[in-house]
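S.K.: Structure incoming, see below.
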Amino acid sequence: MRLRPSRVQPVSWAEAALVIAGSWLVTGVVYAAVSAVFDEPGFPVAVVVVSVLAQWHWERRDWPAALAASLAGAITLFALLDKLRPEMGLFVGEALATGFAATAAVLVFTLVTRRRARR
C-alpha cells in the first residue's frame, strides 16, 4: 500500500470553495447546537471542523500540503482568538476564529497542491 500518490493531484478552486463553505456551515451548526446546550463551552466547534478537514486531507494524501495547511490554520486560529474573544465573547470569538482558521487552512492546502502539481 502506497501512502503517497505518484503524482500530486491539485485541488480545484471549486472544490476548495465547497470545502470552505462546508466548514463555515459546520461551524454555524455546531455553534448553534452547543450554545443552546451550554453556557460557556470550550472548543467543541474547532474539534468538529478539524475532524472534517482532517478527513478531507487524508483522502488527498498530500502530506506537505497538509502540514502547511495545519500550520496556517493553527496560526490563524490562535492569532484571531486573542483579538475576537474580548470583542465578541468567548464562544462567538472561538467560533469565528475557527471558521477563519479553516478557511486559511483550505486556501493554503489548495495553493500548495496546485504548486506541487505544476512541478
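S.K.: Any idea how far apart LEU71 and GLN55 come out in nm if each label point goes 7 Å out from Cα toward Cβ?
M.R.: It is 2.8 nm.
S.K.: Listing ASP82, ASP62, ASP39 from the residue with the fewest other Cβ atoms within 10 Å to the one with the most, what is the order?
M.R.: ASP39, ASP82, ASP62
S.K.: Taking Rg and Dmax of the Cα atoms in Å as the quantity of interest, determine which of [x] 51.2, 173; [y] 16.0, 51; [z] 15.3, 50 was computed from the displayed structure.
M.R.: [z]
S.K.: Can you compute the helix-only [θ] at 222 nm over the chain? Use -39500 (n - 2.57) per DSSP H run of at least 4 residues, normalise by all residues, nearest 500 deg cm²/dmol.
M.R.: Calculated at 222 nm, the ellipticity per residue is -29000 deg cm²/dmol.
S.K.: Nearest 0.05, what FRET efficiency do VAL92 and ALA17 give at R0 = 25 Å with Cβ-Cβ as r?
M.R.: 0.55
All of the numbers you see were taken from the coordinates with simple rules; none came from a lab. In this text the structure is predicted, and so the values were computed from the model without any measurement. Cβ atoms come from the backbone with ideal geometry, glycine included; neighbour counts cover every protein chain shown.
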